[in-house]
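Inspection log for the structure reproduced underneath, given as C-alpha cells.
The values are calculated or read from the model by the stated rules, or taken from the named source; none is laboratory data. Not measured: the values here are computed from a predicted model. A quick note on method: Cβ atoms are made from the backbone with ideal geometry, for glycine too, and the neighbour counts reach across all protein chains shown. In case anyone asks, the SASA skips ligands and DNA or RNA and just uses the protein heavy atoms, side chains included. Shrake-Rupley method; radii C 1.70, N 1.55, O 1.52, S 1.80 Å.
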Amino acid sequence: MGLDVFIKKVVYGGYGLGEDRGKKFLVRYAAPKELVEVEVLKEKKDYTEATVKSVKIGSAWRRTPTCRYYSHCGGCQLQHIDYEGQLKVKEDILLESLERIGKISLKSVDGVLSSKKELGYRVKVQFKVREGNLGFFSWGTNELVPIEECLLVHPRINQLIPALKETVRTTKDIQEVHVFYSPDEDEFLLKFITVSPMESERLRKLKEHFLPKEVVGVGNYTSLGGKLIKRSVVGREFSFVKVGKYKLRVSNDSFFQVNYTLYEDFPKLVVEEERVKRVLELHSGVGFFSFWMAENCDFLFGSDANGTAIKDAQYNAKLNGVQNVSFAHETALQTIKNQAGEVIDLILLDPPREGLSDGEAKLIIQNKPKRITYISCNPTTLARDLKVFISGGYKLKSIKLVDNFPQTYHVEAIAKLTL
C-alpha cells in the first residue's frame, strides 16, 4: 500500500511540499492543494524526497503535460500545471522567499510579465551528450534521456537536432552541444564541449559536411573547473538579435536572455517610470537593458566581468547611435570601488544566480545611490540582498514577477528601491 501525502504548496526547485506524521516531503510533479500517493526516492535527515505515483484528489490547475519526455527528462518541473497556475506558483515562491529569508512581508507582487509563448520560447539551449546520444539529464541525476525534440526551444532549433545527432555520433569526446539561435537572422552559433581539444580542420569538416548552412559559427571548448576554455573556432563568432528598436550583436561567449518573446517588454518594464541623470549598471552584458535605460538618463556607465560581452556592448552603442553610454571590462566589485564618492542617481543590477557578494551589497549602500533597480533570476538570493539594502536605509518601492522560463521552476523578478 502506497503512502498518501497532502501537498500544501510548490516550493523553489519545483517540488510539492507536504507532510506526513511530522516528516516533511518534497514531491516531484505534484501541484498545490492535492492529495497524492507518493513513491519515496531518497530519505534525508530533514525531509523525504518522493515522486507522484498517482493523484487521489487533483489540483484545479493540474493538466496533462504535452511533452512525451516529461517526468523522464529533468528540464521541466511544472508542465503538469496550467500556465495560470504556474504564474501563481511562482508568485507564491517569490513572496515566500521574501518573507522567510528577507523578512519582507507582502500580500502580492506589483505586476506579472508573462511569457508571450508557453512553449518554443528558448533561443539558447545546452544539450548533454553521452555515448553518441543527445538529450538532457533526468531530474537530479547524470543519466541521459535521449530526445528527438524539446518543446521549450524555438522550432528552428528542433529542426537542427537531426544534424547535431549525426555530428555527435561521428565525433567521439563531445560532452555537450550549446546552441544559440537568432530568430532575426535565422542563423545558429554552436559550441562543442570536448574533453581534449579538437583540431580546427576537424571542426571545419563538421561545419561543412554535417551542419546546415545556417550554422555560421562553430567553436570547440573544454570545461575546466566549471569554466569553458575556448580551443578553436571556425566561421563567425557572433550573430545579431533585435531587441525592440535596437539591433544587438551577440557573441557566442556573451551572456544573452533566453526568452525571445520578452525581448521588448522585459527592458521596457525595467526602465519604466525611471528618469534620472546618472546610471551605473553592473553585469551589463551586451547592453540588453542599457540602451533602453540610456533613453531615460543623461549618462550610463556599464561594466561586466565578461570581456567579450563588453566588446559587444561597445559595438552595439555605435551600431545604434547611442552616445550617452560607456562600458568597461571589470568586475562589479571593481566598478563599485572605482565609483566611490561619485553621485549615482540609479544603480541597475542584474547579477548571476548567486546574487551580490557580501562586499558588493555593503559598498553599494556606502555609495548611497538614490535608487536601486535589481533584476534577479533567483528569489532566494534576491531576498537575502534586499534584506541588506533595507537594513541599509532603502525602501522597497515595487517588485514585479517576470516569467522568462515557463514550464520550469525558475523565477525572475524586478525589484525597485529608493533611499
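Per the listing 270, 286, the residue uniquely touching a helix residue (DSSP H, G or I) at 6+ places or on another chain (Cβ under 9 Å), assigned to a loop (DSSP other than H, G, I, E, B) and either open to solvent by 30 Å² or more (accessible area, probe 1.4 Å) or β-branched (Val, Ile, Thr) (or both) is 286. Checking each residue of the range 142-149 against the condition of being touching a residue at least 60 places away in the same chain (Cβ under 8 Å) and out of contact with any Pro (no Cβ under 9 Å at 6 or more places or on another chain) gives at least one match.
Is one or more of the residues making up the range 297-319 assigned to a loop (DSSP other than H, G, I, E, B), open to solvent by 40 Å² or more (accessible area, probe 1.4 Å) and touching a residue at least 60 places away in the same chain (Cβ under 8 Å)? Among the residues of the range 297-319, not one is assigned to a loop (DSSP other than H, G, I, E, B), open to solvent by 40 Å² or more (accessible area, probe 1.4 Å) and touching a residue at least 60 places away in the same chain (Cβ under 8 Å), which makes the answer no.
Filtering the range 174-199 to residues that are assigned to a strand (DSSP E or B) and in contact with a helix residue (DSSP H, G or I) (Cβ under 6 Å, 6 or more places away or on another chain) leaves 174, 177, 179, 181.
Restricting the range 320-353 to residues that are open to solvent by less than 40 Å² (accessible area, probe 1.4 Å) and in a helix (DSSP H, G or I), the residue that is nearest to residue 394 (Cα to Cα) is 336.
Conditions (1) surrounded by 16 or more Cβ atoms within 10 Å (Cβ to Cβ); (2) small (Gly, Ala, Ser), marked per residue:
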{"position": "181", "(1), (2)": "yes, no"}
{"position": "205", "(1), (2)": "no, no"}
{"position": "208", "(1), (2)": "no, no"}
{"position": "212", "(1), (2)": "no, no"}
{"position": "217", "(1), (2)": "yes, yes"}
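Filter the range 139-173 for residues that are in a strand (DSSP E or B) and open to solvent by 10 Å² or more (accessible area, probe 1.4 Å) and give the result. Scanning the range 139-173 gives 144, 145, 146. Only one of the numbered conditions (1) without any contact (Cβ under 8 Å) to a residue 60 or more places away in the chain; (2) at positive phi is violated by residue 103, and that is (1).
Here residue 9 meets each of (1) in contact with a Lys or Arg (Cβ under 9 Å, 6 or more places away or on another chain); (2) open to solvent by 40 Å² or more (accessible area, probe 1.4 Å); (3) more than 17 Å from residue 409 (Cα to Cα) with one exception, condition (3). When the range 82-117 is limited to residues that are more than 21 Å from residue 379 (Cβ to Cβ) and in contact with a helix residue (DSSP H, G or I) (Cβ under 9 Å, 6 or more places away or on another chain), the one that is least open to solvent (accessible area, probe 1.4 Å) turns out to be 117. Within the range 354-374, if we keep just the residues that are surrounded by 18 or more Cβ atoms within 10 Å (Cβ to Cβ) and not hydrophobic (A, V, I, L, M, F, W, C), the residue that is modelled with the lowest pLDDT turns out to be 360. Under the condition of being among the polar types (S, T, N, Q) and under 12 Å from residue 81 (Cα atoms), the residues counted in the range 10-64 number 2. Can you pull out the residues in the range 397-419 that are open to solvent by 10 Å² or more (accessible area, probe 1.4 Å) and not aromatic (Phe, Trp, Tyr)? Once the filter is applied, which keeps residues that are open to solvent by 10 Å² or more (accessible area, probe 1.4 Å) and not aromatic (Phe, Trp, Tyr), the range 397-419 yields 397, 398, 400, 410, 412, 416, 418, 419. Tell me yes or no: at least one residue of the range 351-370 is β-branched (Val, Ile, Thr) and farther than 20 Å from residue 271 by Cα. So far as the range 351-370 goes, yes, one or more of its residues are β-branched (Val, Ile, Thr) and farther than 20 Å from residue 271 by Cα.
List, please: which pairs have Cβ atoms under 8 Å, are six or more places apart or on different chains, and start with a residue in the range 224-235 that is open to solvent by 70 Å² or more (accessible area, probe 1.4 Å) and end with one that is among the aliphatic types (A, V, I, L, M) and at pLDDT below 95? So the pair list comes out as 231/198.
Of the residues 63, 68, which is basic (Lys, Arg), touching a residue at least 12 places away in the same chain (Cβ under 8 Å) and more than 22 Å from residue 20 (Cβ to Cβ)?
Working: 68 fails: touching a residue at least 12 places away in the same chain (Cβ under 8 Å).
Checking each option against the conditions leaves just 63.
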